[in-house]
C-alpha cells in the first residue's frame with residue numbers, strides 16, 4: 001500500500017462529501033492542489049495536510065474553521081487515531097498503531113516485491129545510457145552514467161513500465177576514422193615497424209596495442225604497405241568491434257547489460273537520416289538560412305554560407321539548428337535526430353537519455369527535435385551526469401598507466417568492488433559533482449553510506465541468527481512472523497521505524513516519476529539510521545532489546561520488525577543491483 005495515496009484518497013472523499021452536502025462550495029479542481037507530507041515532528045502526528053489552507057484560499061472561507069470541519073470528519077475514519085488543527089489551518093493526522101502493524105505484515109508477506117507498483121501500466125520506455133564513443137575503455141565518468149541509467153531502468157520496472165535498455169554506438173563520425181588510423185599504427189608496431197611518437201590527434205593509449213597485435217595475428221602483413229584507402233574501412237570495422245567487446249566487458253564487470261546495441265553507421269547506411277529530414281521538410285520545419293553569430297561575437301574574413309536549418313525555435317529552443325556541416329556532410333545533430341525518430345517508430349514514445357554534463361547545451365535542441373518528429377506524441381527526458389572526482393585518502397587519484405589520460409572504470413571496480421561503485425554513484429543527484437575517495441568508500445564508518453546501509457542489513461541478519469539459537473525449533477519465516485502478535489510493538493521508536501518502512505512504495509513511485517534513482521540511496525540511509533538508533537537503544541535498555549529470553553512472543557514481534565527492515569533494505573539494494581551482505585568481516 002502507498003500510505004500517502006491511501007490517506008490522500010480519504011481526504012479527497014471527505015472534501016467531496018462536504019461539497020455534496022453544501023457545507024463548502026463546489027470546487028472540482030481543488031483536490032489536485034492539496035499536499036500531504038510526513039509530519040516534521042512526530043509529537044504532532046504522522047502526516048500533515050494543507051487541505052484547509054487551499055480550500056480557504058479558493059472559497060474565501062477561514063482556513064482554521066474549514067480545518068475543524070474536515071478534522072471532525074477525518075476523526076471518524078477507522079485507521080485514524082487522532083486529528084488536530086494547528087496554526088492557521090494545517091491538519092495533523094495520527095494513524096492507529098494497528099494500521100502500522102498491518103503495514104509491517106504487508107512488508108513481510110510481499111518480500112522483495114514490496115514497493116512494486118502499477119504506475120507504468122505496462123507502457124514501454126526506452127532508457128539509453130552510456131553510449132560512449134567506441135574509441136577507448138570506459139572511464140569512471142562513463143561508469144556513473146551506466147549506474148544511473150541501469151538503476152533508473154530498474155526503478156521504472158519496479159513500478160510497472162516495460163523498459164528497454166539501449167546503447168547507441170557512435171560509429172558513424174570522424175572519431176572512428178581516427179581510431180582506425182591509431183589502430184593501424186599499433187598494427188604496424190606489432191609487425192616490427194618503427195612508428196615513432198604517436199601523431200597529434202591520434203589515440204595514444206596502450207589499450208590499442210593488443211588490438212593492433214590481434215589484427216596482425218589475423219591478417220599478417222596484408223595491410224602493411226597498402227594505401228589508407230585500402231585499409232581504412234576493414235581496420236575501422238575491426239577496431240570498433242574490438243573496442244565494443246572491451247566496453248561490453250567493462251559493463252559486465254559493473255553488472256550492466258543492455259538489451260539493444262544500436263549502430264549509428266547502420267542508421268546512416270539505411271537512409272534513416274533522409275527519412276527524418278524528409279519528414280521535417282513535409283511539415284515546413286526546414287529552411288535555408290544563415291545563423292546569426294553568437295551574442296558578443298563577430299565572424300571576420302570568413303564567407304558565410306546558407307545552411308539547412310531546423311526550426312527548433314518553434315519548439316522552445318532559443319535558436320534554429322543546422323543539419324549539415326559547411327562541407328555538405330550531415331551534422332551529428334542530423335544523426336541524433338534520425339536515431340530518436342527510429343526509437344519512436346520502434347514503439348518508444350517515452351524516451352530517456354543519460355548523457356554527460358558536457359552535453360547540457362544539446363538538451364533543448366534534441367527535445368525540440370523529438371517534439372517536431374513525433375507531432376508532440378513523443379517525450380524525451382535527458383538526465384545529465386556530472387563528473388566524478390577521484391581521490392585516494394584525500395589526494396587526487398593518479399592516472400591510469402593503460403590509458404595515460406584517465407582512470408578506467410575497470411581500475412576502480414577491481415580496487416573497491418562492483419557494489420561499492422554502484423552504490424556510491426547514486427549517493428548524489430546525477431547533475432551534481434561526485435567525489436569518490438578510495439579510502440573513504442571502503443572504511444567502516446557511518447560517514448560511508450555503503451557501509452552504513454550494508455551494516456544495517458548485516459545487523460538484521462545477525463539478530464535472526466541469534467534468534468535461531470535462542471529459540472530453537474521455531475518457525476522464523478516471514479509468513480510466520482507476519483501472523484505474530486505485532487500489537488506488542490508499542491514503543492514510539494518501533495512504530496516510527498515501521499512508518500519509515502511503510503514509506504517505501506511512495507518513495508519508489510516518486511523517484512520513478514521524477515527519474516531520480518538517487519532518492520533511493522537517501523531513503524536507504526534513513527532506514528539504516530532509524531534501525532541503528534533502535535539497536536543502540538536496545539543496548540542501553542534491556543526493555544528494548546530485540547530478543548528477550550523470557551518473552552518469546554515479544555521477541556517474535558520485534559524479530560518481525562527486524563525482518564521488515566532487512567526486506568526493505570534488500571528491496572532498495574535490488575534496484576541498485578547491489579547484493580545485501582549478511583555478515584560483515
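Taken together, the values in this text are just the output of simple stated rules run on the coordinates, not laboratory data. Since the model is a prediction, treat every value here as computed from it, not as a measurement. Cβ coordinates were reconstructed from backbone atoms using ideal geometry, including for glycine residues, and neighbour counts include every protein chain displayed.
Observations
- By the count of neighbouring beta-carbon atoms within 10 Å, fewest first, 352, 198, 483 end up ordered 483, 198, 352.
- Packing-based exposure ordering (other Cβ within 10 Å, fewest first) of 515, 43: 43, 515
- On Cα atoms only, tilt of 272-282 relative to the major axis of the chain in degrees: 80 degrees
- On full extension, the segment bounded by residue 514 and residue 480 gains 8.6 nm, given 0.36 nm per residue less the C-alpha separation.
- Here the gap between residue 259 and residue 398, fully extended at 0.36 nm per residue and compared with their Cα-Cα distance, gives a gain of 46.6 nm.
- Centre separation in Å (Cα based) which lies between region 339-366 and region 1-54: 38 Å
- Residue order for 466, 433, 101, fewest other beta carbons within 10 angstrom first, comes to 433, 466, 101.
- Helix 449-470 and the long axis of the chain differ in direction by around 50°, with both axes built from C-alpha atoms.
- Sites residue 270 and residue 206 - FRET efficiency at Förster radius 35 Å, r taken between beta-carbons, to 0.05: 0.45
- Here the label points at residue 349 and residue 96, each 7 Å from Cα along the C-beta direction, are separated by 4.4 nm in the simple model.
- Spin-label pair residue 553/residue 224, simplified geometry with 7 Å Cα→Cβ offset, distance in nm: 8.9 nm
- Principal axis extents of the Cα atoms in region 454-585, from largest to smallest and rounded to whole angstrom, are 48, 31, 29.
- Estimated FRET transfer efficiency (residue 194, residue 305; beta-carbon r; R0 41 Å; 0.05): 0.40
- Centre separation in Å (Cα based) which lies between region 443-501 and region 218-236: 64 Å
- Comparing Cα centroids, region 502-537 and region 55-121 end up 20 angstrom apart.
- Relative contact order for region 37-170: 20 percent, from Cα pairs under 8 Å spaced at least 6 residues apart, divided by residue count.
- The coefficient of translational diffusion for region 3-95, derived via Stokes-Einstein from the alpha carbon Kirkwood radius under 4 °C and 1.567 mPa s, stands at 100 µm²/s.
- Candidate values [x] 36, 27, 25; [y] 53, 35, 19; [z] 43, 26, 24, label of the one derived for semi-axes √(5λ) of the Cα gyration tensor in Å: [y]
- For region 536-585, the Kirkwood hydrodynamic radius comes to 12.5 Å, computed from all pairs of different C-alpha atoms.
- Take the Cα of residue 109, step 7 Å toward its Cβ, do the same at residue 9, and the gap between the two points is 1.5 nm.
- Residue 37-residue 288 FRET efficiency (beta carbon distance; Förster radius 35 Å; 0.05 resolution): 0.05
- Measuring nothing but how far apart in sequence close Cα pairs (under 8 Å, 6+ apart) lie, relative to its length, region 3-95 scores a relative contact order of 25 percent.
- Mean Cα-pair separation over length for the chain, i.e. relative contact order, pairs under 8 Å, 6 or more apart, %: 17 percent
- Distance-filtered residues of region 96-138 - backbone nitrogen under 18 Å, label point 7 angstrom along residue 582 Cα→Cβ: 111-112
- For the chain, the longest principal axis of the Cα atoms and the long axis of helix 97-110 meet at an angle of about 40 degrees.
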